[in-house]
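Below is one structure; the comments refer to it alone.
Here, each number is a calculation from the coordinates, and none is a lab measurement. What you are looking at is a predicted structure, and each value in this text was computed from that prediction instead of being measured. Neighbour counts are summed over all protein chains in view; Cβ atoms, including those assigned to glycine, are modelled from backbone coordinates with ideal geometry.
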Amino acid sequence: ADDADQGTGSSIHFKVDGTERMTIDSGGVISTPNSPYVIAGRGSTQSISNTTDTDIIFDSKSEDTHTNFDTSNGRFTCSVAGFYLVNLCVQYTGQINQMHTGIKLNNAALKTFYDPWCNHGDGTRGHERSVVIKCAVNDFITCSTYHSTGSTQSLEAGRTKLTIIKVG
């Protein structure tokens, strides 16, 4: 850091070029307000064909601190190496069978023996899952879904969403 000072109230403030980048308070809580963070969602429905692994294209975002997220392809590209917490919430407009959700690193399984898919079963409408992923600079995270209901189904607008934050 360019500068670290005690500040007030027993907090330590770390600054780079005069801008605060990290704070450690008297309780040991570390704040890094400039960590990569995105909240993305579906602003409209998305059709998912029967028995087809389909990337979820999150077409809107309300937060994107480092401009890491591309709404044209639903891809989060890591600008900083580290560990990222990914939370995916998928909801269809109706009950479906064999609902699967996938979280992928560089369009593949996260690691050997770690299948990107989670099967949430039959007669469900939505599900949520989370995972922590170790990423290098320029790695990318995508999410997908699959079902075997027998016909094309739709993801519900405003209910299918993604949150990603660098945690370490």
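A few comments on the model shown:
- Candidate lysines - alpha carbon under 25 Å from Lys161, same-chain residues fewer than 8 apart omitted: Lys61, Lys104, Lys111, Lys134
- Top of Arg42, Arg125, Arg75 by mean-square fluctuation, Gaussian network on the chain, Cα under 10 Å: Arg125
- Shape call, segment 57-135: gyration tensor on alpha carbons, a/c limit 1.5: oblate
- Dipole-positive endmost among His13, Ile165, Tyr146 within the chain (Cβ charges, Cα centre): Tyr146
- Among the cysteines of the chain, those whose beta-carbon sits 4.7 Å or more from every other cysteine beta-carbon are Cys89, Cys118, Cys143.
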